[in-house]
Amino acid sequence: MSEIKVQNLCKRFGKNSALTDVSLTLRENCIYGLLGRNGAGKSTLLNILSGRMFPTSGDVTVDGEPLTGNDSALGKIFMMDEQLVFIPGLKVKKMFEVTADCYPDYDMEYAMKLAADYGLDCKKRIHKLSTGYKTIAKIINALACGAPVVFFDEPVLGLDANHRDMFYRNVIERYTEHPATYVISTHLIEEASSFIERAIVIKESRLIMEEETEVIRGMGYTVSGKAGDVDSYLSSLDGSSVILRTEVIGGLKTVSIKGQPAGNTQGLEITPLSLQNMFVCLTNDDSNSGKE
Amino acid sequence: MKKRSYMGMLRYCIYQLSKAWIFLPIYFLVNQIITYIVLRTNSEMGLEASMLAFVGIDALAVFVSAMIGLTKGFEFYNTAAACGISRKTSALTQITAYGITAFVMMGECMLLAWLYELINEGRSILLIDLAYGPVWNIAMWGTMPAFIFNIQIFIVGSFMIWAAALFGFMFCSLYSLFPRKVAVYLSIGLPVAVLAIWGGICANWEMHGIDTDQKLSEIGNAIMKILGMRANEIIGGNIFQGCVVFIIIGIIASVLGIIFSRRASVSAEPGITI
């Protein structure tokens, strides 16, 4: 079992608040998407959950044990950083070996197989790799580490479309064969939405949602059509529906609505909200907070 | 889950520190070249130039040592953090690695010292006088017992690693207690302060007509007495006894380091770090 509980977590950097009163539970064997705009506090949260940073207040426990300074709890977590934390002069193979020394369930065979699949030269020093291959080396290390909880902070940074696709497939394959908790912080929501089971949404240092992606998708819909038709549809809605976003292009109007379709939808196109749309609606500064 | 072992991290630290071994032979070679020049220069100017050269290379050695200690300290902490190892365990592992590396390097120092003696037919005593001054003080600060030996390479070689270990150790301990920036400033500031005080003490002795060399020898003898050794025999240049002294000092330093580091880590409050 590897369940991480976060209670009332706050992190301040001087006068700035990076995280405010965040409470959540990361369940065992689940793929999470950590979503938030730039500077929302995603990396800070992951850094705290992996013991790299200490919270200003609040608690983090792993299977009931406090995380801070606890080797046993820290050993259950691996974090793939956006930055390179290993010595840049280290050879890729050596980086795998060092990690394997500290994570007893490390699968070196799998790491070497992935390296071959991606075309990564393990004899090269990390700093001599291109940006994309640096990321690939870190991805492979994270996928092979064998830790029950793995955090990926911007794992597809610098990867081309092919390598991104490979990464997503590798995550699913690895998760199927060796279930673990994966938390993936990414801005490419649409790409990752196919395998994210639950989404954690952070806005301006606060956790605003932690829910199954299917539930999030079912929370709203998009209605589009002629502006007049859409307006008359909107006027027929009751108070439980919340307009999240309105876009007008020419005579066409598209409205994202939180709630379920109701009333006469004839002549209108109703589509479910994508995770990305829902995220944009939830985190946009200019999003409407009530019925138009 | 299988059980975790920290031997891997220890191996990694030792592997990284082992790169410091290269500095000793380099120092030895440069030293040898200067020795060659000195032994063939009888003019006062030549001697002074050689002295400056010694001071320069020793200062460089100190700088390199400090850099090894500080940068490796950072790197080890980062790597350990990446591998899910707490700061406390990381500090303990580092201290152990520094200790082990220091012992290995002592062997290297002794071999080089023996070579030095062999090549220079016992004339190395001359060099110690040339490399006097601030470097001498730094050397003593880096590795206190070193000044009882009349073999310069032995001193510099050993103080290099001990200075590195000391910087690394200090950084480990300070980083466990303070934010990183403060730890870095203190790691550099404290030795400078110690050197300044030490320089002040030496200057005070000189002003009062006290022979600094004599005084330092007395301190060295006192330390040796505390360790139960006969200082005179060691001053005679007995390498094997020197080895014993170094190992004992090394063990004491390492044990103290581990105790101090453990205390520092335990008392570290989350929230004040980073």
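All conditions but one from (1) farther than 20 Å from residue A:132 by Cβ; (2) more than 9 Å from chain B (Cβ to nearest Cβ) apply to residue A:57; the one that does not is (2).
The residues of segment A:62-73 that are facing another protein chain (nearest Cβ under 7 Å) and either in a loop (DSSP other than H, G, I, E, B) or in contact with a Leu (Cβ under 7 Å, 6 or more places away or on another chain) (or both), listed by number, are A:68, A:69, A:70. The condition (being of a type in the set (D, E, K, R) and touching a residue at least 40 places away in the same chain (Cβ under 8 Å)) is satisfied by just one residue among A:204, A:214: A:204.
Only one of the numbered conditions (1) away from chain B (no Cβ under 14 Å); (2) at pLDDT 95 or above is not met by residue A:189, and that is (2).
Just give me the residues in segment A:74-86 being within 17 Å of residue B:78 (Cα to Cα), modelled with pLDDT of 90 or more and in a loop (DSSP other than H, G, I, E, B), in sequence order.
Within segment A:74-86, the first condition is being within 17 Å of residue B:78 (Cα to Cα), and the residues that meet it are A:74-75, A:77-86.
Then drop every residue that is not modelled with pLDDT of 90 or more, which leaves A:74-75, A:77-80.
Across segment A:74-86, the qualifying residue is only A:75.
Within segment A:262-292, being hydroxyl-bearing (Ser, Thr, Tyr), at pLDDT 75 or above and loosely packed, with under 15 Cβ neighbours inside 10 Å holds for one residue alone: A:271.
Given the condition within 28 Å of residue A:162 (Cα to Cα), surrounded by fewer than 15 Cβ atoms within 10 Å (Cβ to Cβ) and at pLDDT 95 or above, answer yes or no: does some residue in segment A:93-110 qualify? Checked against the condition, which is being within 28 Å of residue A:162 (Cα to Cα), surrounded by fewer than 15 Cβ atoms within 10 Å (Cβ to Cβ) and at pLDDT 95 or above, segment A:93-110 yields at least one hit.
Within segment A:144-169, being assigned to a helix (DSSP H, G or I), in contact (Cβ under 8 Å) with a residue 12 or more places away in the chain and more than 16 Å from the chain's Cα centre (by Cα) holds for A:144, A:163, A:166. The numbered conditions (1) facing chain B (nearest Cβ under 9 Å); (2) more than 29 Å from residue A:129 (Cα to Cα); (3) under 20 Å from the mean Cα position of the chain (by Cα) are all true for residue A:47 except (2). Residues in segment A:94-114 that are more than 14 Å from chain B (Cβ to nearest Cβ) and not hydroxyl-bearing (Ser, Thr, Tyr): A:109, A:111, A:112, A:113, A:114. Looking at A:259, A:250 in this structure, which one is outside the structural domain of residue A:144 (by TED's automatic domain parsing), surrounded by 15 or more Cβ atoms within 10 Å (Cβ to Cβ) and over 29 Å from residue A:45 (Cα atoms)? Unique residue meeting the criteria: A:259. Yes or no: residue A:93 in the same structural domain as residue A:73 (by TED's automatic domain parsing) and in a helix (DSSP H, G or I)? When the stated conditions are applied, residue A:93 passes them.
Being among the charged types (D, E, K, R), more than 17 Å from residue B:83 (Cβ to Cβ), surrounded by fewer than 23 Cβ atoms within 10 Å (Cβ to Cβ) and within 13 Å of chain B (Cβ to nearest Cβ): is that true of residue A:117 here? Spell out how you get there, then give the answer.
Working: among the charged types (D, E, K, R): yes; more than 17 Å from residue B:83 (Cβ to Cβ): yes; surrounded by fewer than 23 Cβ atoms within 10 Å (Cβ to Cβ): yes; within 13 Å of chain B (Cβ to nearest Cβ): no.
Judged against the criteria, residue A:117 is not a match.
The values are calculated or read from the model by the stated rules, or taken from the named source; none is laboratory data. Not measured: the values here are computed from a predicted model. In this analysis, Cβ positions are derived from the backbone assuming ideal geometry, glycine residues included, and neighbour counts consider all displayed protein chains.
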